[in-house]
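One structure below.
No value in this document is a laboratory result; all are computed from the given coordinates. In this text the structure is predicted, and so the values were computed from the model without any measurement. Cβ sites come from the backbone with ideal geometry, for glycine too, and all protein chains shown count toward neighbours.
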There are 2 protein chains.
Amino acid sequence: MGVLSTFEIVAEPNRRRILDLLRVERRAVGDLVAELGLAQPAVSKHLRVLRDAGLVSADVDGQRRLYRLNAEPLRELDAWVAPYRRHWAKHLDDLERHLATMPDETPREHGVPQRGRTKR
Amino acid sequence: MGVLSTFEIVAEPNRRRILDLLRVERRAVGDLVAELGLAQPAVSKHLRVLRDAGLVSADVDGQRRLYRLNAEPLRELDAWVAPYRRHWAKHLDDLERHLATMPDETPREHGVPQRGRTKR
DNA sequence: GAGACATATGCCCGTCAAGGCATACGTCGA
DNA sequence: TCGACGTATGCCTTGACGGGCATATGTCTC
């Protein structure tokens, strides 16, 4: 059915919360249910998704299942953002000045533009 | 309409590709259209989303618009993954055990698992 | 001004995730 | 064995997103 990428997995706020909780310590499902304020089936489904993605794994403990984090798949995410770090490190506010750097061809006599701010 | 979080924005593969392209240099829309193999309206819509999120901005250049990256919002993403880095650095050996990540038949023996190694 | 070109918007549709609900499955205690 | 508890799964509905198409808006050239 739904094979989600790591990016899509983490795009879901509740799933991020689950991961954030498991980052601290292992938790049983009912524990997560209480923390998240979601219905138990919903939580179980999120856990299913996370499990299929290899982000968490469950240790059977009696009638409960203790979920724990496996952060490894998040490296993909980290690897993707990495090249962008230098960008926000550099132009934060000389962003406007960066306009001077010509993309390439197309000589413009018009000079450079004004900001196309969105309306909303 | 949908006000998407940075996570959701980046969850879309085509939007990531757009950002990856803009990370290198500024691009006109038609340029992106050619690279992505998407229809122009689709690209414009993605750009709209990215603009609303402050991830890109457009400089008017004649009848074209040169889009450029603004990586700053990605810091949120980076900030979120940050705490997880120590995890994949730490549990590397534990990882091997869970690579299979299949329905593991953990032999049941009880004992209260309190954040330590309970069984062995 | 007319028409070509570049981009944006509106509308429609197929798809699919997220959650609610009921229920099945599995485990413990008596 | 039975019943309570904890968790997973299946079905269904709703809503939103991505993309295709047609078209509006804007800008350039002649």
**Message:** Just to verify a number: FRET efficiency for A:Arg23 and A:Ala89, C-beta to C-beta distance, R0 = 22 Å, to 0.05?
**Reply:** 0.25
**Request:** Note down the nm distance, to one decimal, between modelled labels 7 Å out along Cα→Cβ at A:Val3 and at B:Ala79.
**Result:** 3.5
**Message:** Contact order normalised by length for region B:1-89, with contacts defined as Cα pairs under 8 Å and 6 or more residues apart; what percent is it?
**Reply:** 30
**Item:** Placed amide H near B:Arg27: partners under 5 Å, 5+ positions off or other chain
**Value:** B:Tyr67
**Complete:** Here the correct list, in nm and shortest first, of distances from B:Arg23 to the same site in the other copies, label points 7 Å along Cα→Cβ, is 2.1
**Request:** Obtain the nm distance between the two label points defined at A:Glu35 and B:Ser44 by a simple spin-label model: each point lies 7 Å from its Cα along the Cα-to-C-beta direction.
**Result:** 4.6
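How shielded is A:2-14 by partner chains, expressed as the average number of their Cβ atoms within 10 Å of its Cβ atoms?
That average works out to 4.
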